[in-house]
Structures are given as structure tokens and as C-alpha cells.
Amino acid sequence: MKGLNEMTFYELLNLQQDASPQEIQEAYRLAMATYQPGSLATYTLVSEDERQEILGRIEEAFRELSHPLKRHRYDQKLHPEKLAKPQESCSEGGQQQEEPEENEYSLSSGQYLKYVRNMKGLSLKRISEDTRVSIRYLEALEGEDYGKLPQGAYLGFILGTYARALNLDPQSVVQDFKSRQLASSQ
Amino acid sequence: MISNLAEGAKSPRRIWSVGGGKGGTGKTFIAANLGLLLSENHLRVNMIDADLGAPNLHTFLGVRKPHLTLGDFIYKKGGTLAEVMSDTCRPGLKLAAGSNQHLYMANLRYFQKLKLLRHIKKLNHGHTIIDTGGGIYFNGLDFFPISDLGVLVINPDPASIENAYQFLRSVTLRILKFSVREHEIDALIKRTVEGRHRVPKSIQGLLELVHSEDPNSAELLVEALAKIRPCLIINKARREDDALLGKSIVDVVRKYLAIDLRFVGVVPYDGKVDLSLKNLTPYVSAHPNSRATYALRVVADRLLSFESVCRLN
């Protein structure tokens with residue numbers, strides 16, 4: 001029986017390596033429900049530190065496995081002798097979701113944020129209610145219509161808040177945005 | 001020794017132990033009705049009421065006053081378990097009822113417990129289902145090492161779940177202890193634990209400590225651990241998501257207790273259970289078409305279908 005740190009992302013989410021995107025999504029949701037604060041299943045068995053640790057690992061696993069390119073690279077690291085074709089992606093409703101292109105892989109790109117949101121089965125309305133950020137702003141972020149957004153530090157705040165709602169690292173996302181803005185201005 | 005009792009079992013009979021940490025979760029109800037459903041399929045079933053302190057398996061089977069009990073077997077020299085088995089409402093379903101008459105039945109002496117375990121293994125017909133009762137006393141835990149399937153019954157509430165984890169730790173450590181003695185690594189365990197001045201918080205932690213001292217011994221323990229595959233039933237379920245709770249518990253137990261728990265199913269709460277008990281009518285007989293009976297059939301089928309029956313040793 002492997003320790004947590006020895007488990008692959010597939011083992012962590014109780015998935016086979018050929019799991020479909022829907023299976024990944026369901027496994028992620030079950031794992032989050034299992035280890036969320038107040039979960040009956042963890043009562044007296046999992047400390048708060050252990051909970052934070054495993055939730056972080058679950059998020060990391062989901063981030064890697066839910067994105068086809070990341071998953072492909074991860075699979076290659078696990079089994080370098082196999083060159084698996086990148087898996088298709090799929091949103092909650094079973095419809096084919098547009099995959100982020102290689103050059104739009106960046107963390108703060110609208111297409112990637114929308115992709116992650118759909119993979120988690122979250123609506124803009126739900127995120128707006130949870131974060132108190134206006135739906136218009138969230139739509140503008142996903143559409144990269146930055147002219148409709150406040151500028152400066154407040155934009156960074158909104159982006160970081162949205163990233164946190166998607167369980168992405170807000171600092172990384174904001175830093176990525178700043179880098180892209182700087183690159184495009186040069 | 002208890003570990004020796006597992007040796008040499010060649011007969012096709014299967015032994016199921018039904019237990020769990022907390023009282024009142026419905027272990028006896030589950031055990032009794034699994035027995036009834038198995039006998040429905042013309043299987044020969046022996047029911048053993050090993051809840052030595054508070055036996056009432058006979059009540060759930062509708063047997064008002066058993067003529068002979070386990071007390072007669074324990075305190076009689078030269079008898080067999082088969083001699084104290086009573087008939088029940090079903091042909092092929094026999095019951096070794098617990099005893100309310102013998103004062104010391106709840107606290108059997110070691111040699112008496114060994115006698116009971118030995119004779120349970122000698123019952124070589126069909127299935128034997130043992131209602132082991134609640135708690136984590138050795139007199140309850142020690143039925144699991146001789147069983148092919150260990151069934152853990154819990155309710156979807158924090159108290160039951162907490163006690164279930166304690167039960168799983170206890171029964172696993174009890175079984176590992178026999179393996180440790182068998183492979184003569186008990187001194188290593190003692191030195192490892194005492195040398196580090198701390199008791200491992202988890203079984204995984206114990207394995208890591210042993211591995212740091214002697215990887216070969218750790219491998220032996222891992223092999224013993226891999227054979228422990230208890231089955232989980234959630235009883236008295238009232239919500240749709242209690243089935244998801246079962247899957248969650250399996251995952252938590254795998255990751256934090258290093259035990260391969262198998263989720264068998266959910267039995268919904270039914271207020272008619274109490275009524276059938278008061279009427280001394282076995283529940284599945286009184287309510288053959290209820291949701292709970294349907295769920296019990298599914299559970300019974302799943303338990304029967306496990307291909308690699310794990311002998312818990």
C-alpha cells in the first residue's frame with residue numbers, strides 16, 4: 001500500500017490510466033467531497049494538516065489530468081516508453097469542449113480559465129455569487145475583453161479572486177497575466 | 001494459538017464475521033437477515049451468536065427461547081457445537097444461540113474462546129455467519145482472523161464512523177500481531193516502536209517504521225495486510241448520498257489506514273424493523289418486497305460473488 005506522496009495522480013483519484021474526462025471529473029468531485037472540511041468520512045481520522053495536504057494533492061492531480069496537454073506530458077513522465085496520444089477533453093455536459101491551444105496554455109488566458117471552470121462544472125453565476133465579482137467582469141476575463149475591466153491593482157484583485165474560486169494559485173495566475181501584458185506591450 | 005486455527009482449512013464452507021465498533025448499528029439485524037436470505041437460496045447456513053455479553057440473534061430470527069445455547073457448549077466437556085444448534089423458521093438455517101444464563105459468558109477465558117473458535121471451523125457445511133457484537137474487545141475481534149469475510153456494519157453518523165475506524169485499526173493490528181508472532185518479528189516491532197519513543201499514528205506509519213529497520217520484515221507485514229479486505233455495509237441509511245459516503249470511507253481507509261476496505265452496499269432505514277422485532281418475525285420474511293430487503297439481497301449477492309475470498313489471518 002503506497003503512501004500518499006508515492007501515489008500517482010491516477011492512484012490518488014482512484015482512476016485507471018485510460019480514464020475518460022468525465023471519469024476524471026467525477027473522481028475529482030468525489031475526492032473533494034471526501035476531504036472537504038466537515039466531511040463525515042474523515043471524522044477523527046484525518047487531521048487538518050493532512051486534509052490541507054491531500055486537498056492540495058487532489059487539486060494538483062485534477063489540474064494535471066483534466067488538461068489534455070498536461071496529462072499527455074504527465075503520462076509520458078510515468079511511462080516514457082509509451083507515446084500516448086493526448087486524450088480528448090470534455091465538459092460536464094458531455095459536449096466536446098474547445099481545448100486550449102498550445103500558445104494559449106498560459107494560466108491567465110481567458111480560454112484556459114473558461115476551460116477549467118467548465119471542467120469543474122461551475123457556472124459564472126455560481127462563481128459570481130461565491131466571490132461577489134460581477135458576472136460582467138468574469139465574462140470579460142474569459143473573453144479577454146480587458147477594456148471592460150477596471151485597470152491596475154483592482155484588475156489583479158478580480159483576476160486573483162476568480163483564480164482562487166477555481167482553486168488555481170492566484171499569485172501564479174496574476175503573475176502570468178502581468179507577464180503577458182508586459183510582453184504584448186513591447 | 002488463534003493464528004494456528006486458520007491452517008489446514010480445506011472444506012468448502014465459508015465463514016463470515018459481522019461486526020463493527022459501535023453498538024446499535026444493526027449488526028445483528030444484518031447478520032440474521034443475511035442468513036435468512038442465504039438459506040432462501042437453499043444454502044446451508046449456521047448462525048453463531050458470538051455477542052457473548054448481549055446475545056439476541058435468536059430474537060431477530062424469531063426463535064423465542066432456544067433450547068440449548070453456546071453456554072451449554074462452552075461449559076460442557078466433550079460436546080460439539082453442532083449439538084447446540086437449534087432449528088429456526090427456515091430449513092437449513094441453524095442457530096447456536098448466545099446464553100443469558102451463564103454468568104461468565106461475556107468474559108470467556110482464553111482456552112474457552114479457543115474451543116469455540118476451533119469448533120466453528122469444524123462446522124463444515126455451507127456458510128457460517130458469526131454475529132460478533134460491538135466493541136473492540138479481543139473476544140469479539142478474534143473471530144475475524146478465522147473468517148473468510150469480515151463484514152463491518154456502520155451507520156452514517158460521526159459516532160459510528162469514528163468507532164468503525166477504531167475497530168478497523170484494532171482488528172488489523174490484532175491480525176498483524178499474529179503475523180508478527182508467526183514470522184518472529186515481534187521483538188523488532190517492540191524495539192522499533194519503543195526505540196522511536198512514539199507509537200505510530202497509523203498502520204502506514206507502523207509499516208514505515210518497520211521498513212526503516214528491516215525492509216524484509218516490512219514486506220512480510222505488507223503481505224499480511226494485503227490479505228485483510230473487510231467489507232463495509234452502511235445500515236440505516238436515510239439519504240441518497242449515503243452511498244457516496246461509503247465510497248469516501250473506502251478511500252479514506254485506503255489512504256490513511258492502508259486497509260483495502262470493500263464497500264458492499266447501503267441498507268436503507270425502515271421503521272418496520274422494530275415492529276417485526278416486537279412481533280418476533282424475521283424482517284425479510286415479514287417484508288419480502290421492501291427497499292431494505294431488496295438492498296439486503298444485493299448485499300448478499302455481492303458478498304457471495306467475491307471471487308477471491310480472503311482468509312483473514
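For every residue, the table says whether it meets (1) under 21 Å from the mean Cα position of the chain (by Cα); (2) modelled with pLDDT of 95 or more; (3) among the basic types (Lys, Arg).
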position: B:Arg198; (1), (2), (3): no, no, yes
position: B:Gly205; (1), (2), (3): no, no, no
position: B:Val210; (1), (2), (3): no, no, no
position: B:Ile233; (1), (2), (3): yes, yes, no
position: B:Leu257; (1), (2), (3): yes, no, no
Practice problem: Pull up the stretch A:73-92, narrow it to residues that are modelled with pLDDT of 85 or more and under 17 Å from the mean Cα position of the chain (by Cα), then point me to the one that is nearest to A:Phe9 (Cα to Cα). | Solution: A:Tyr74
Practice problem: Determine whether B:Arg169 is surrounded by fewer than 22 Cβ atoms within 10 Å (Cβ to Cβ), over 30 Å from B:Arg291 (Cα atoms), within 12 Å of chain A (Cβ to nearest Cβ) and modelled with pLDDT of 85 or more. | Solution: yes
Practice problem: Can you confirm whether the stretch B:242-249 contains a residue that is under 20 Å from B:Ala224 (Cα atoms) and either free of Cβ contacts under 8 Å to residues at least 60 places away in the same chain or within 21 Å of the chain's Cα centre (by Cα) (or both)? | Solution: no
Exercise. Check every one of the helices (runs of 4 or more DSSP H) wholly within the stretch A:1-67 and list those with 1 or more residues that are exposed (fewer than 14 other Cβ atoms within 10 Å of the Cβ).
Key: A:21-35, A:48-66
Quiz item: Can you pull out the helices (runs of 4 or more DSSP H) entirely within the stretch A:104-186 that have at least 3 residues that are more than 26 Å from A:Ile54 (Cα to Cα)?
Solution: A:124-131, A:135-143, A:153-165, A:170-185
Quiz item: Which condition number does A:Ile54 fail, the rest of (1) under 16 Å from the mean Cα position of the chain (by Cα); (2) more than 10 Å from chain B (Cβ to nearest Cβ) being met?
Solution: (2)
Quiz item: Can you find a residue in the stretch A:63-70 that is touching a residue at least 40 places away in the same chain (Cβ under 8 Å) and of a type in the set (A, V, I, L, M, F, W, C)?
Solution: yes
Quiz item: For the stretch B:84-111, how many residues meet the condition of being modelled with pLDDT under 85 and part of a helix (DSSP H, G or I)?
Solution: 5
Quiz item: Within the stretch A:160-178, is even one residue surrounded by 14 or more Cβ atoms within 10 Å (Cβ to Cβ), touching a Leu at 6+ places or on another chain (Cβ under 9 Å) and of a type in the set (Ser, Thr, Tyr)?
Solution: yes
Practice problem: Just give me the residues in the stretch A:10-22 being within 14 Å of chain B (Cβ to nearest Cβ) and closer than 11 Å to A:Ser66 by Cβ, in sequence order. | Solution: A:Leu13
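The values are calculated or read from the model by the stated rules, or taken from the named source; none is laboratory data. Since we're looking at a predicted model, the values are computed, not measured. A quick note on method: Cβ atoms are made from the backbone with ideal geometry, for glycine too, and the neighbour counts reach across all protein chains shown.
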